[in-house]
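Some notes on the structure that comes next.
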Amino acid sequence: MAHRTPCPLDITGLILAGGAGRRVGGQDKGLLALDGRPLIEWVIAALQPQCHSLMVSANRNQAQYQQYGYEVLPDMRHDDAGPLAGIERALNTIVTPWLLTSPCDTPWIPHQFGAWLAAALTDQPLAVVTIADRRQPLHALIHRDLAADLTAYLDQGGRKVQEWMAGYPCAEVCCDAQVAAFANLNQPGDWATSALTALRTP
């Protein structure tokens with residue numbers, strides 16, 4: 001699968017906001033506020049310059065997410081298939097060849113990470129961020145040609161993002177120097193002042 005290096009016009013951004021928020025008492029994390037702004041707004045601001053268009057994967061509070069002016073996609077499945085279900089729906093919807101994904105609870109993602117992933121591609125259908133030699137699979141650039149394969153994986157009961165991605169050649173981009181920028185807020189204590197001071201990118 002040989003491709004030219006994707007530019008923003010080749011990429012649709014997907015904000016993954018479809019989770020159940022179990023670690024925050026069932027709240028919708030994308031709508032929780034950080035410094036007076038919902039987390040979804042932080043991620044929109046970061047992804048928007050990197051993409052041709054944006055979509056939001058959400059299974060509740062869809063009217064609130066629609067107020068931002070982007071297409072809101074519920075999962076195609078009704079079993080708890082996790083973030084792969086949101087990625088599946090987006091890969092079957094996008095008109096661009098590439099999908100750039102980010103969870104809604106990473107408010108400080110770099111405004112260039114999509115370009116870093118794109119530049120790392122040679123003939124792979126995937127590129128992912130790594131930190132300390134560990135893949136961050138929800139910060140990924142995914143070619144839409146993988147849509148049918150992802151559907152087959154989910155139909156067979158697969159649910160793990162890492163496991164699905166392991167079946168394909170994948171470019172990796174080391175972001176050890178930007179570890180704070182990829183910090184995610186997934187525990188109630190992460191909103192505490194001390195935690196935010198430690199995590200915020202200088």
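The values are calculated or read from the model by the stated rules, or taken from the named source; none is laboratory data. Note that the structure is a prediction, hence the values are computed from the model and not measured. Neighbour counts run over all protein chains shown; Cβ positions are idealised from the backbone, glycine included.
Worth a mention:
For every residue, the table says whether it meets (1) under 14 Å from the mean Cα position of the chain (by Cα); (2) among the β-branched types (Val, Ile, Thr).
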| position | (1), (2) |
| --- | --- |
| GLY30 | yes, no |
| MET55 | yes, no |
| ALA58 | yes, no |
| GLN66 | no, no |
| LEU73 | yes, no |
| ASP80 | no, no |
| VAL95 | no, yes |
| CYS104 | yes, no |
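- Count of residues meeting criterion [within 24 Å of LEU185 (Cα to Cα), in a loop (DSSP other than H, G, I, E, B) and of a type outside the set (Asp, Glu)] in the range 83-127: 8
- The C-beta contact set for the range 52-73 (first residue of a type in the set (D, E, K, R), second residue not in a strand (DSSP E or B), distance under 8 angstrom, 6+ apart or interchain) comprises ARG60/ASP28; GLU71/THR93.
- The range 67-82 - residue that is touching a strand residue (DSSP E or B) at 6+ places or on another chain (Cβ under 6 Å) and aliphatic (A, V, I, L, M) and, of those, surrounded by the fewest Cβ atoms within 10 Å (Cβ to Cβ): VAL72
- Residues that are out of contact with any Phe, Trp or Tyr (no Cβ under 7 Å at 6 or more places or on another chain), in a strand (DSSP E or B) and of a type in the set (A, V, I, L, M, F, W, C) were ranked within the range 128-138; the one that is farthest from ILE44 (Cα to Cα) is VAL128.
- Residue in the range 146-155 that is farther than 29 Å from LEU31 by Cα, touching a helix residue (DSSP H, G or I) at 6+ places or on another chain (Cβ under 9 Å) and in a strand (DSSP E or B) present: no
- Only one of the numbered conditions (1) at pLDDT 90 or above; (2) surrounded by fewer than 19 Cβ atoms within 10 Å (Cβ to Cβ); (3) among the aromatic types (Phe, Trp, Tyr) is violated by TRP191, and that is (1).
- Only one of the listed residues (ILE40, ILE15) is surrounded by 15 or more Cβ atoms within 10 Å (Cβ to Cβ) and at pLDDT 95 or above. That residue is ILE15.
- All positions within the range 90-109 that are at pLDDT 95 or above and either surrounded by fewer than 20 Cβ atoms within 10 Å (Cβ to Cβ) or among the hydrophobic types (A, V, I, L, M, F, W, C) (or both): ALA90, LEU91, ASN92, THR93, ILE94, VAL95, THR96, PRO97, TRP98, LEU99, LEU100
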